[in-house]
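J.: Sharing a structure here in structure tokens format.
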Amino acid sequence: MQSWMTDFIEQYSYLGIFLMMALENIFPPIPSEVILTFGGFITTQSSLTITGVVISATAGSVLGAILLYGIGYYVDIDKIEKIVERWGHILRIKKTDIQKANRWFEKYGYWTIFLCRMIPLVRSLISIPAGMTKMNLWLFLFFSTIGTLIWNFVLVWLGAILGQSWEDILYYMDVYSTIAYAGIGLGAAIFLVVFLTKRKTSS
């Protein structure tokens, strides 16, 4: 996959980066780390600039995020609540649990969007709950764009700095991803423990 991606970018330059980043958001297994760091490297071998690559990549990412937001928008909370009402007793989830989670995302969701746009895989999927909670589209775009812009700039800049050794950064990105996923897993575990404890106390 990596060879195909780099060939595509070499052939279509800014448009290729735009399309690849849009596709990366819709199909997360495509690694943005390869697109961005290779895009940075290309700036040392062609007329492409770091600014141009970052703008193209960010525009593609935002387009993909909007599409996923739209999917979440039409798979709304009401539909999920109906599913929980019917099957929640099996999953040990109540309608009020969904409502609490929805309120939490409404309260902290914008900063969640900003931070998650800098975590591989999660950066794409976070757009769906944003749509599901009917998050203000313009604020979603603002926080999503800022987080994406930082992520894109850092990786493109590293690719340009490393030059021919741009692939070296992929190892460190794997380490970063592992640490980030471990942190998310730990946070989810703590939330689950606190949530179950509160339920036992209130029952």
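J.: GLU10 to THR44: FRET efficiency via 1/(1 + (r/R0)^6), r the Cβ-Cβ distance, R0 22 Å, to the nearest 0.05?
T.: Once rounded, the FRET efficiency stands at 0.95.
J.: Starting from the residue with the highest accessible area, list LYS134, LYS107 in decreasing order, probe 1.4 Å.
T.: Sorted by accessible area, descending: LYS107, LYS134.
J.: For ILE150 and LEU23 in the same chain, what is the full-extension length gain: residue separation times 0.36 nm, less their Cα-Cα distance, in nm?
T.: Full extension from ILE150 to LEU23 adds 43.8 nm.
J.: How long is the gain from GLN164 to LEU141 if the chain were fully straight, where each residue apart is worth 0.36 nm and the alpha carbon distance is subtracted?
T.: 4.9 nm
The values are calculated or read from the model by the stated rules, or taken from the named source; none is laboratory data. Bear in mind the structure is a predicted one, so any value in this text is a computation, not a measurement. Methodologically, a virtual Cβ is constructed for each residue, glycine included, from the backbone with ideal geometry; neighbour enumeration extends over all protein chains shown. We work out accessible area using only protein heavy atoms, side chains counted, and drop any ligands, DNA or RNA first. Shrake-Rupley method; radii C 1.70, N 1.55, O 1.52, S 1.80 Å.
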